[in-house]
Amino acid sequence: MKLLPSLLVLTSLTTAALAEPKPLFNGKDLTGWEGNMKLWSVEDGAITGKTTDEGETRIKHNTFLIWRGGTVSDFELTFKYRIVKGNSGVQYRSRELEKGEFGPILAGYQGDFEAGAKFSGILYEERARGILALRGQKTVIKPNPANPKKPTVEVVGEVGNSDEIQAAIKSEDWNEYKIIARGNHLQHFINGRQTIDVTDEDSGNAAKEGLLGLQIHQGPAMIVQYKDILLDVLK
């Protein structure tokens, strides 16, 4: 009988280890997501966002497809993305602002990526504190009493070489992105390479919970696709 508690603990740990991450996209339609459906659709089994250089799909502000399944706090999110031209990213722990002419607007942390060679993998805070870590950086975010909207970003180390990380990103092809958020510690990875490591000590601005969303960026016509979106809630 003395072995029973240990067996119960082992069973519990085994069950936890076998738990599957939650898929946020069914691969068929946009059930559970909300946004401007003139911009978002499902093509070839992937969530697809498209803009044009003219007409009603020529957007004048960044807009988002919001996951309406709840909010996220501590989590691990993995997904695959493909982008042709332009800039995009995944919002997390974000807050919803007043809806714009071209659809929902979010503010908050963003796992950024683009068709270019500078911003993929960085931590950007949309409509808030801006860039909190460039690719390859390990940073600590400190409050700035003189200007609460402009924190002090201390670069305390590196997680990799920016050029080498970029070289491993496939242009106009599928890449895998991972975001890990636990407390005030945030990490991004692309194709298995860590891109940033941030400790956000700016407690007045550091979000602990919020919405998930996918971005379409204003600017030239672009196409962005997402698939295999899996959410694992961390305990």
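Values computed for the structure shown
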| item | result |
| --- | --- |
| Any chance GLY55 is farther than 16 Å from ASN87 by Cβ and touching a Ser or Thr at 6+ places or on another chain (Cβ under 9 Å) | no |
| Residue count for segment 91-118, restricted to those that are closer than 21 Å to ASN205 by Cβ and not in a strand (DSSP E or B) | 3 |
| Output for segment 32-57, where each listed residue is outside any strand (DSSP E or B), surrounded by 14 or more Cβ atoms within 10 Å (Cβ to Cβ), touching a residue at least 60 places away in the same chain (Cβ under 8 Å) and not β-branched (Val, Ile, Thr) | GLY35, ASN36, LEU39 |
| Only listed residue being touching a helix residue (DSSP H, G or I) at 6+ places or on another chain (Cβ under 9 Å) and surrounded by 21 or more Cβ atoms within 10 Å (Cβ to Cβ), chosen from ILE190, ILE165, ILE179 | ILE190 |
| Residue within segment 197-208 that is among the hydrophobic types (A, V, I, L, M, F, W, C), under 24 Å from ILE83 (Cα atoms), part of a strand (DSSP E or B) and in contact with a Leu (Cβ under 9 Å, 6 or more places away or on another chain) present | no |
| Hits in segment 68-80 (condition: in a strand (DSSP E or B) and of a type outside the set (Lys, Arg)) | VAL72, PHE75, GLU76, LEU77, THR78, PHE79 |
| Total residues in segment 201-227, condition over 14 Å from the mean Cα position of the chain (by Cα) and acidic (Asp, Glu) | 2 |
| Tally, over segment 127-153, of residues that are more than 18 Å from ALA167 (Cβ to Cβ), touching an Asp or Glu at 6+ places or on another chain (Cβ under 9 Å) and either surrounded by 15 or more Cβ atoms within 10 Å (Cβ to Cβ) or at pLDDT 95 or above (or both) | 13 |
| Where ILE83 falls short, out of the listed (1) more than 29 Å from GLY55 (Cα to Cα); (2) assigned to a strand (DSSP E or B) | (1) |
| Selected residue (only one of GLU20, GLU76 is closer than 26 Å to HIS185 by Cα and modelled with pLDDT under 95) | GLU20 |
| Residue in segment 91-100 that is of a type in the set (A, V, I, L, M, F, W, C) and buried (at least 22 other Cβ atoms within 10 Å of the Cβ) present | no |
| Positions within segment 193-220 being under 28 Å from LYS50 (Cβ atoms), small (Gly, Ala, Ser) and surrounded by 18 or more Cβ atoms within 10 Å (Cβ to Cβ), in sequence order | GLY210, GLY213 |
| Qualifying residues in segment 136-168 (those that are of a type in the set (S, T, N, Q) and outside any loop (DSSP other than H, G, I, E, B)) - the one nearest to ILE190 (Cα to Cα) | GLN166 |
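Table: residues versus (1) out of contact with any Pro (no Cβ under 7 Å at 6 or more places or on another chain); (2) touching a residue at least 24 places away in the same chain (Cβ under 8 Å); (3) within 24 Å of SER171 (Cβ to Cβ).
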| site | (1), (2), (3) |
| --- | --- |
| GLY69 | yes, yes, no |
| LYS85 | no, yes, yes |
| GLY89 | yes, yes, yes |
| GLY100 | yes, yes, no |
| PRO104 | yes, yes, no |
| ASP112 | yes, yes, yes |
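The values are calculated or read from the model by the stated rules, or taken from the named source; none is laboratory data. This structure is a prediction, so every number in the text was calculated from the model and none was measured. All Cβ positions, even for glycine, are placed from backbone atoms using ideal geometry, and neighbour counts span all protein chains on display.
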